[in-house]
Amino acid sequence: MADNHAAPHHDYHLVNPSIWPLWCSATTVVMMVGAVIWMKGLFGFEAGTHWPFFVGLVLTLGGMGLWWADVVKEANQGDHTPVVAIGLRYGMVLFIASEIMFFAAFFWMFFEMSVFHTARQHIPEVAGWADTAKAWSAWPPKGIETLDAWQLPLLNTVTLLLSGCTVTWAHHALQVGDRSGAKLALVLTIALGLMFTCVQAYEYHEIILENLFFNEEAANSGLYGSIFFMATGFHGFHVLVGTIFLIVCLIRLLNGAFTPKQHFGFEAAAWYWHFVDVVWLFLFAFVYVIFG
């Protein structure tokens, strides 16, 4: 009889059975149902009951962490052969491509409202539509106080551009075997990422405190505020995820992981960070400057 546990005679890695994909799928459902309960109420829970959401969130994050820890162990054990590494690269490229489509939808909505807003002025003046047509006479809607692009948004733009330079420095240092330089550059990148998040949180606080976007005086202000927070907020979430990605890479680097020729975990984080940088440049140019 053949030995099922014999060493494989191929370059592919057949992963061991894992509970984490099923775990994360189930806990994500719990988290999303918890979100519905929080916002609308469900299953006898009143709206505003938030603990089911946070239970699902904690369980999902825990499963993700343990799942990715297993992937790191596989890398350290040498299971990521050159053939497997190519597959990982293709997977990361496709993931970033899906993220591009994700943000394309937000830009599509923003451009559709900002570029073609005048077309809505020709809505027939039937009951209830006259005010709507009038509200679309200008974009951003009259009454909304937009942000000055050359203050906090510019600061965040410079911050992300600098972080793109430091993460490239870290990548180059790792390629030439300069681990000390890679650690320093990675720490700077993480610090810049955290700075971006803090500045954006302060910006959001000012918008909400001053009621700049959502106010009764500005007709149609809800549409502008919603697309602004959706586009910039999801980008901010991606910055936060990228920062966590880089923190994990720093921990691995401090623990002796990564070599000049095998460091895809860090390379994937760098690709993701550059993607976040590019998306912000488009957000800054169009949301803050051109249509701001």
Quiz prompt | Enumeration of residues in segment 37-64 that are part of a helix (DSSP H, G or I) and crowded, with 16+ Cβ neighbours inside 10 Å | solution = Ile37, Trp38, Pro52, Phe53, Gly56, Leu57, Leu59, Thr60, Gly63
Exercise. Say whether the condition of being open to solvent by less than 30 Å² (accessible area, probe 1.4 Å), farther than 22 Å from Met230 by Cβ and modelled with pLDDT of 75 or more is met by at least one residue in segment 144-155.
Key: no
Quiz prompt | Residue pairs meeting the criteria (Cβ under 6 Å; at least 6 apart or on separate chains; first over 21 Å from Thr157 (Cβ atoms), in segment 181-194; second open to solvent by 10 Å² or more (accessible area, probe 1.4 Å) and assigned to a helix (DSSP H, G or I)) | solution = Leu186/Leu250
Practice problem: Specify which of the listed residues (Glu210, Glu203) is buried (at least 16 other Cβ atoms within 10 Å of the Cβ) and within 26 Å of Phe234 (Cβ to Cβ). | Solution: Glu203
Self-check item: Residues of segment 1-30 satisfying the condition of being more than 22 Å from Leu88 (Cβ to Cβ), at pLDDT 90 or above and open to solvent by less than 70 Å² (accessible area, probe 1.4 Å)
Solution: Ala26, Thr27, Thr28, Val30
Quiz item: Quick check: is even one residue across segment 223-246 modelled with pLDDT of 90 or more and touching a Cys at 6+ places or on another chain (Cβ under 6 Å)?
Solution: no
Exercise. Would you be able to tell me the number of residues in segment 156-196 that are open to solvent by 20 Å² or more (accessible area, probe 1.4 Å) and aromatic (Phe, Trp, Tyr)?
Key: 1
Quiz prompt | Residue pairs meeting the criteria (Cβ under 7 Å; at least 6 apart or on separate chains; first surrounded by fewer than 19 Cβ atoms within 10 Å (Cβ to Cβ), in segment 228-252; second in a helix (DSSP H, G or I) and of a type in the set (S, T, N, Q)) | solution = Leu240/Thr197
Self-check item: Unmet criterion (only one of (1) free of Cβ contacts under 8 Å to residues at least 12 places away in the same chain; (2) within 30 Å of Phe284 (Cβ to Cβ); (3) touching a helix residue (DSSP H, G or I) at 6+ places or on another chain (Cβ under 6 Å)) for Ala105
Solution: (3)
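The values are calculated or read from the model by the stated rules, or taken from the named source; none is laboratory data. Treat the numbers as computed from the prediction; the structure is a model and nothing was measured. Methodologically, a virtual Cβ is constructed for each residue, glycine included, from the backbone with ideal geometry; neighbour enumeration extends over all protein chains shown. The accessibility values were calculated without ligands, DNA or RNA, using every heavy atom of the protein model including side chains. Shrake-Rupley method; radii C 1.70, N 1.55, O 1.52, S 1.80 Å.
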